[in-house]
1. What's the angle, to the nearest 10 degrees (0 to 90), between helix B:12-23's Cα axis and the longest principal axis of chain B?
2. In a solvent-free Debye calculation with one equal scatterer on each Cα, what is log10 I(q)/I(0) for the range A:2-78 at q = 0.12, 0.19, 0.24 Å⁻¹, listed in the order of the q values?
3. Counting DSSP beta bridges with both partners in the range A:2-78, what percentage is antiparallel, nearest 5?
4. Could you pull out every residue, at least 5 positions away or on a different chain, whose amide H is within less than 5 Å of the one on B:Asp147? Hs are placed 1.01 Å off N in the peptide plane, and Pro or chain starts have none.
5. Just to confirm the filter: which trypsin sites (Lys or Arg not before Pro) across the range B:165-218 are DSSP coil and have at most 15 other Cβ within 10 angstrom of their Cβ?
6. Using amide H atoms built in the peptide plane, which far-off residues or other-chain residues are under 5 Å from A:Ala33 H to H?
7. For the protein assembly as shown, what Kirkwood radius comes out of the mean inverse Cα-Cα distance, in Å?
8. If you place +1 on the Cβ of every Lys and Arg, -1 on the Cβ of every Asp and Glu, and leave all else neutral, what size is the dipole of the range B:69-149 about its Cα centre, to the nearest 20 Debye?
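Here, each number is a calculation from the coordinates, and none is a lab measurement. Here the structure is a predicted model, which means the values were calculated and not measured. Cβ placement follows ideal geometry from the backbone for every residue including glycine, while neighbour counts extend to all protein chains displayed.
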Amino acid sequence: MDRLKELVVFIAQSLVDNPEQVEVTEIAGEQTAVLELKVAQEDLGKIIGKQGRTAKATRTILSAAAAKIKKRAVLEILE
Amino acid sequence: MSIELEKEGKTVSEATISACEELGVARDDIEVEVLQKGSKGVLGIGSKNAIVKVKVKAKEKAKEKGSSEKGQKAKEALETLLSHLVSTQNVNIVESDRRIKLEIKETEDKGLLIGKGGEMIRALEYIVGKISSRNCSDGREKRISIDVDGYKNRRESGVSRKVVDAIKRVKKTNEPYTLERLSSYERRIAYITIKNESGIKYDTVIDGNHKKIIISPS
């Protein structure tokens, strides 16, 4: 499960201006892992993207990584 | 200057493949003209070979050998992402004036990397594009294009085949026909195919968040 967290951290840190403020908390469940992503206020737009495109693409990649280990993963972006 | 070659084979695709092999070029880099369609005949009697004429396209010339900063960054980012998804990978990079093509080869889980209708490929393209154009001085204008083991080529010919079938149907029945939902890239292929045909017209309608192409007799 740690690998899912690492994946989100990598994507988030590569996109923002303040990578040191990227924080990912994982709430593991039996089937589903919830990953809560927190970034600096001014970086929020970069993570979400125009029309939520970046968030959508990140979720697609995360879902694939989770499917690989036969789990589900949900990405929550905290404001 | 262009190189041309005529080639015979049992089927059009077989002839095309052997022409590519003889010229040592990728399927992407040639234009194919079908001179004669092959037919099987009955019990081998009256069978005809397919003949194609192949022309090597003028290459989009790479500026210099090796790749730009964006290309390097894109390859690294893709490899890191893939390391979370598959255990083996091999990313091939080809750069031209306008595009950075990253081809993923020799991976065990193609379906996962392609996604439903290529959804995963598009997500990877988008994220890798974003990451690689950040703080990047060289090659920013180039578009990132990712492919998994020739998926896009296969899909491309699949789409144009479907369009050709649809056109035949429209001509036969004289009734409009709506194509299945296609991505913008696939629609582009569809339009190119439609343009080569006469006697039909097309319309694009918005259906919810998607666009659909309707082919109708003119």
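1. Here the helix axis deviates by roughly 50 degrees.
2. -0.29, -0.72, -1.11
3. 45
4. B:Leu102, B:Glu103, B:Ile104
5. Answer in residue order: B:Arg181.
6. For A:Ala33, the qualifying residues are A:Arg72, A:Ala73, A:Val74.
7. For the protein assembly as shown, the Kirkwood estimate is 22.1 Å.
8. About 380 debye.
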